[in-house]
Amino acid sequence: MLLQIPDVLSAEQLATARDLLRDAPWQTGSLSAGRQAIQAKNNQQLPLDCEASRFVSEAVVRAVETSPLFLTAALPKRIFAPRINRYGGDTPAYGEHVDNAIRFEPGTGERVRTDISCTVFLNDPADYDGGELRVRDTYGSRGVKLPAGHAVLYPGTSVHEVTPVTRGWRTACFFWIESLVRSDEQRRLLFDFDMALMRLRESHGDDASTVTLSGTYHNLLRMWATT
Ligand code: NI
C-alpha cells in the first residue's frame with residue numbers, strides 16, 4: 001500500500017531544517033548501502049549525529065508517533081533512526097533496488113525488520129526537476145513527488161528508485177518501520193477496516209454493531225500481530 005501522510009512537518013520546522021541543512025556535513029550515500037543497492041545508489045546523506053540530522057529526525061519521529069493516520073497504517077513496533085539525503089549535481093539518483101530486509105540500528109546494534117519505508121519530503125517539487133520516488137507494485141510503477149513536509153509510506157518489500165534530478169536539489173528524510181503486522185496485505189485489510197469503522201462511527205454514532213466490529217478489528221489485530 002502506498003499512502004500519503006500530509007503535513008508531518010510544519011512550515012516553521014521546515015524553515016529551521018532548511019537553514020541547518022544548508023551548511024550540513026554532506027557525505028556520499030554509498031556509506032550505508034547494501035551490496036546490491038550500492039550499484040544503484042548515487043546520492044548524498046548526512047551523518048546521524050550532526051545538528052541538522054538530529055533536528056529533522058526528532059521532529060519527524062515526534063510527528064509520526066502522534067499521527068493517527070500513520071499509527072493506523074503502519075502499526076509500528078519499532079522505528080529505525082531517520083536519515084537525511086539529497087539528490088542533485090553529480091549525485092542525482094538511486095536506481096531500482098530493494099532495501100535490505102534487516103537493518104542494524106546504529107549505536108545499539110538492534111535488528112529492525114524493514115516492513116515499511118517512509119519518505120518525508122523536505123523541499124518543494126518546484127525546487128527541482130526529476131527526483132521522483134517510483135515504487136513498483138503489482139499494478140505497475142507509481143511515481144510520488146510531494147510538497148515539503150508531506151510523507152509517503154510504501155512497502156519495504158517493493159522495488160523502488162529515485163529518478164535522476166536534472167535541476168536543483170531534492171532533499172528528504174527517510175526511515176524504516178518494523179510493524180506489529182509483518183504482512184502488507186494484512187496491514188492493508190486492518191487499515192481499511194479501521195478507517196471504515198471510524199467513518200461509520202462519525203456518521204451513525206456508536207451502537208451494538210460498531211462495538212462488535214471494533215471487537216473484530218482488535219481480534220484480527222491480536223491474531224496477526226507479533227509484539
Ligand atoms: Ni531504498
When the residues of the stretch 1-34 are narrowed to those that are open to solvent by 40 Å² or more (accessible area, probe 1.4 Å) and in a strand (DSSP E or B), which ends up nearest to the ligand (Cβ to nearest atom)? 28
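Yes/no per residue for (1) of a type in the set (Ser, Thr, Tyr); (2) free of Cβ contacts under 8 Å to residues at least 60 places away in the same chain:
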{"position": "121", "(1), (2)": "no, yes"}
{"position": "133", "(1), (2)": "no, yes"}
{"position": "141", "(1), (2)": "yes, yes"}
{"position": "145", "(1), (2)": "no, yes"}
{"position": "161", "(1), (2)": "no, no"}
{"position": "187", "(1), (2)": "no, no"}
{"position": "209", "(1), (2)": "yes, yes"}
Residue 93 is checked against (1) crowded, with 17+ Cβ neighbours inside 10 Å; (2) within 16 Å of the chain's Cα centre (by Cα); (3) in contact (Cβ under 8 Å) with a residue 40 or more places away in the chain; (4) within 15 Å of the ligand (Cβ to nearest atom) and fails just one. What number does that condition carry? (2)
Only one of 51, 110 is of a type in the set (Asp, Glu) and under 17 Å from residue 177 (Cβ atoms), namely 110
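This table checks each residue for (1) under 14 Å from the mean Cα position of the chain (by Cα); (2) surrounded by fewer than 14 Cβ atoms within 10 Å (Cβ to Cβ).
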| site | (1), (2) |
| --- | --- |
| 48 | no, no |
| 58 | no, yes |
| 71 | yes, yes |
| 78 | yes, no |
| 88 | no, no |
For residue 156, indicate whether it is touching a helix residue (DSSP H, G or I) at 6+ places or on another chain (Cβ under 8 Å), small (Gly, Ala, Ser) and assigned by TED's automatic domain parsing to the domain that holds residue 114. no
Give the stretch 96-107 a look and list any residue that's touching a residue at least 40 places away in the same chain (Cβ under 8 Å) and within 16 Å of the ligand (Cβ to nearest atom), or say none. 96, 97, 98, 99, 100, 101, 103
Give me the strands (runs of 3 or more DSSP E) completely within the stretch 108-209, filtered to those with at least 1 residues that are more than 16 Å from the ligand (Cβ to nearest atom), ordered by residue number. 111-113, 140-144, 165-167, 170-179
Residues of the stretch 35-46 satisfying the condition of being part of a loop (DSSP other than H, G, I, E, B) and surrounded by 19 or more Cβ atoms within 10 Å (Cβ to Cβ): 43, 46
I need the full set of residues from the stretch 47-58 which are part of a helix (DSSP H, G or I) and in contact with a strand residue (DSSP E or B) (Cβ under 9 Å, 6 or more places away or on another chain), in order please. 52, 53, 56, 57
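The values are calculated or read from the model by the stated rules, or taken from the named source; none is laboratory data. In this text, all values refer to a predicted model and were calculated from it rather than measured experimentally. In this analysis, Cβ positions are derived from the backbone assuming ideal geometry, glycine residues included, and neighbour counts consider all displayed protein chains. To get the accessible areas, we keep the full protein, side chains included, count just its heavy atoms, and leave off ligands, DNA and RNA. Shrake-Rupley method; radii C 1.70, N 1.55, O 1.52, S 1.80 Å.
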